[in-house]
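Undergrad: Pasting in a structure now, in structure tokens, and then I'll have a few things to ask.
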Amino acid sequence: MKKIIVAAALALCFTFAASAQPKALGARFGYGVDLSYQHNLGDANFIEADLGLGEFAFFNLAGTYNFMIAQPDWTAQGEWGFYAGPGVALGAGKGIFNVGIAGQVGLEYTFDFPLQLSIDIRPQIGLVSATAADVTVRDFGIWGWYPHLGVRYRF
């Protein structure tokens, strides 16, 4: 199962890398750490894919399509951007598996040099399956309401 998810994530990243649009690669810090990849679509909107490792050896793969809502001109240098968008999420850990939908809202700043900082939240809701002591429980859960700080190299 883990090999399939890793292979799918790598295929997704290589597909995005084949195109000549601006990209950003870095990390999101918050409840755990995410490896983060952004791919601009040419009209200021972008796709973000994150593979994260949270507490208790729990990993989460999430992908969102973000719409650039506003780009305020707050500074003479660099670019500000306020974005939001829908997405999907998949996660697993010790006896836990989840699949669901996600939504992301954030604010980013791209410096004149290739550094991008962002702060965002990505709440997720979906089916959670947990197994403990040979008992499987399936329920809907909500997770991801933690703010994250993103630090990315933009190229």
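The values are calculated or read from the model by the stated rules, or taken from the named source; none is laboratory data. If you're wondering where the values come from, they're calculated on a predicted model, not measured in any experiment. Ideal geometry is used to build each Cβ from the backbone, glycine not excepted, and the neighbour counts take in all protein chains shown.
Undergrad: Given the residues ILE101, ILE96, which is the only one that is surrounded by fewer than 18 Cβ atoms within 10 Å (Cβ to Cβ), of a type outside the set (Lys, Arg) and in contact with a helix residue (DSSP H, G or I) (Cβ under 9 Å, 6 or more places away or on another chain)?
TA: ILE96
Undergrad: Residues that are over 30 Å from LEU25 (Cα atoms), at least 3 per element: which strands (runs of 3 or more DSSP E) completely within region 113-155 meet that?
TA: Qualifying strands (runs of 3 or more DSSP E): 124-132, 135-143.
Undergrad: Here is a further query. Kindly provide the set of residues from region 104-130 that are surrounded by fewer than 15 Cβ atoms within 10 Å (Cβ to Cβ) and farther than 22 Å from GLY32 by Cα, ordered by number.
TA: Within region 104-130, PHE111, ASP112, PHE113, PRO114 meet the criteria.
Undergrad: TYR65 - would you say it is free of Cβ contacts under 8 Å to residues at least 40 places away in the same chain, aromatic (Phe, Trp, Tyr) and closer than 12 Å to GLY150 by Cβ?
TA: So TYR65 fails the test.
Undergrad: So, GLN38, is that one crowded, with 20+ Cβ neighbours inside 10 Å, at pLDDT 95 or above and touching a Phe, Trp or Tyr at 6+ places or on another chain (Cβ under 6 Å) or not?
TA: Here the answer is yes, as GLN38 does meet what is asked.
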